[in-house]
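Okay, structure first, notes after.
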Amino acid sequence: MTSQQQSLGQIPINKIDGSETQLSNYAGKVLLVVNVASECGLTPQYTGLETLYQKYREQGLEVLGFPANEFGAQEPGSNAEIQNFCSSKFGIQFTMFEKIVVKGEGTHPLYAQLTQAVPEADDLGDASFAQKLAEYGVKKDNPSDIFWNFEKFLINRQGEVVARFAPSVSPDQPAFIEKIEAELAKA
């Protein structure tokens, strides 16, 4: 591990129940880190994320959900409300974390390092979501900024950020699944 990835693993984060942890507690696993929101047009992606988790967790995949409220105030709830929403509406069993800031002033150190490690998200050839947001005047202040809810970071078993996917990349998209499977296949 490089010093950047070591420090990534050492950044304090809190699970949604308030218990403290860090990414290094998931050592040896493939991680999918996703900023999530309960009132977004992309919220149905929770279903696909849970499906991925259930299908691949025995192979070492961990899905980590980080609620954030930076995009259209689409995550207004408290941590308890978010946890209840995720379990009652989507049956989420993957690990959820406390609400954090993923863009702009007060960006959580985890997201600062994730975006630094992979500054641009891959839209897997479909820029229509970004174009649609641009029509509403939504644009990135910095090219490496998180663009919207449900942006995804893939971290390999060594704790290195290996890919970043645009919010529009759905969890059931074959090219996305192939990337996850490729990382899971590596020792």
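Some observations on this one:
- Under the convention that each Lys and Arg Cβ holds +1 and each Asp and Glu Cβ holds -1, the size of the dipole of region 1-148 around its Cα centre is about 240 debye.
- When you count the other C-beta atoms within 10 angstrom of each residue and take the mean per peptide, 60-72, 36-48 line up highest first as 60-72, 36-48.
- Relative packing of 171-178, 135-142, 49-56, which averages over residues the other C-beta atoms within 10 Å, highest first: 49-56, 171-178, 135-142
- Using Cβ point charges alone (K and R +1, D and E -1), the dipole size of region 71-187 about the Cα centre works out to roughly 140 debye.
- Per residue, region 1-146 exposes 50 Å² of accessible surface when a 1.4 Å probe is rolled over the protein heavy atoms with every protein chain present.
- Over the chain: helical MRE at 222 nm, DSSP H runs n ≥ 4 each giving -39500 (n - 2.57), nearest 500: -9500 deg cm²/dmol
- Residues whose amide H comes within less than 5 Å of that of residue 30, counting only those at least five positions distant or on another chain, are 61, 62 (H built at 1.01 Å from N in the peptide plane).
- Protein accessible area in the chain, 1.4 Å probe - carbon and sulfur %: 47 percent
- By average C-beta atoms within 10 angstrom, highest first, the peptides 109-118, 9-18: 109-118, 9-18
- Residue-span extension gain [residue 172 to residue 141] - 0.36 nm each, minus C-alpha spacing: 8.2 nm
- Whole-Hz ³J(HN,Hα) from phi, Karplus 6.51 cos²θ - 1.76 cosθ + 1.60, for region 64-69, glycine and proline x: 10, x, 10, x, 9, 10
- In order along region 30-45, the phi-based Karplus estimate (6.51 cos²θ - 1.76 cosθ + 1.60, θ = phi - 60°) of 3J(HN,Hα) comes to 8, 10, 10, 9, 9, 7, 10, 8, 8, 10, 10, x, 8, 3, x, 4 Hz; Gly and Pro are listed as x.
- The DSSP beta bridges internal to the chain are antiparallel in roughly 50% of cases.
- Among 109, 163, 84 the positive-end extreme of the charge dipole of region 52-178 (Cβ point charges): 84
- For the Cα trace of the chain, dividing Rg by the Kirkwood Rh returns an Rg/Rh value of 0.92.
- Computed from label points 7 Å out along Cα-Cβ, the spacing between residue 124 and residue 17 is 3.3 nm.
- Potential lengthening between residue 73 and residue 89 on full extension [0.36 nm per residue; Cα-Cα distance subtracted]: 3.8 nm
- Choice from 159, 91, 77 with maximal GNM fluctuation in the chain (Cα, 10 Å cutoff): 91
- Dipole moment magnitude, nearest 20 debye, region 114-174 about Cα centre, only Lys, Arg, Asp, Glu C-beta charged: 100 debye
- The H on the amide N of residue 123, modeled in the peptide plane, is under 5 Å from the matching H of 166, each at least 5 residues off or on a different chain.
The values are calculated or read from the model by the stated rules, or taken from the named source; none is laboratory data. These numbers come from a predicted model, not from an experiment. All Cβ positions, glycine included, derive from the backbone under ideal geometry; neighbour counts span all protein chains shown. Heavy atoms of the whole protein, side chains included, go into the accessibility calculation; ligands, DNA and RNA do not. Shrake-Rupley method; radii C 1.70, N 1.55, O 1.52, S 1.80 Å.
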